[in-house]
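Let me begin by presenting the structure, written as structure tokens, before commenting on it.
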């Protein structure tokens with residue numbers, strides 16, 4: 001895992017922890033009439049990254065789309081997703097492509113750059 005990935009994971013964990021603590025404090029106060037600000041939406045690439053990281057193995061794009069719908073309620077366009085993931089693979093960013101239309105988190109079941117080309 002690269003230094004930036006470790007840093008990002010730690011920051012995401014801290015953010016989630018702080019958000020949970022804030023919700024707990026607001027609940028204990030009895031709501032105080034304030035609504036929590038809407039949660040920042042996550043990018044499709046962040047959702048895919050989380051799905052692949054949780055799977056701990058490469059997944060075919062059809063399975064990624066199915067899991068994104070089930071977990072996040074997001075409908076991903078297959079062609080757009082493959083295009084975006086392929087660009088990330090070519091740049092060596094976050095994702096690997098161990099087989100056609102199959103993606104993994106870089107360093108976790110993938111082999112780095114795209115193979116078979």
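Where a number appears in this text, it was derived from the coordinates with a stated rule and is not lab data. As the structure is a computational prediction, the values presented were derived from the model and not from experiment. Backbone-built Cβ (ideal geometry, glycine too); neighbour counts: all protein chains shown.
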Restricting the range 64-79 to residues that are in contact (Cβ under 8 Å) with a residue 24 or more places away in the chain and assigned to a helix (DSSP H, G or I), the one surrounded by the most Cβ atoms within 10 Å (Cβ to Cβ) turns out to be 64
Scanning the range 91-108 for residues that are crowded, with 19+ Cβ neighbours inside 10 Å and not in a strand (DSSP E or B) gives 94, 106
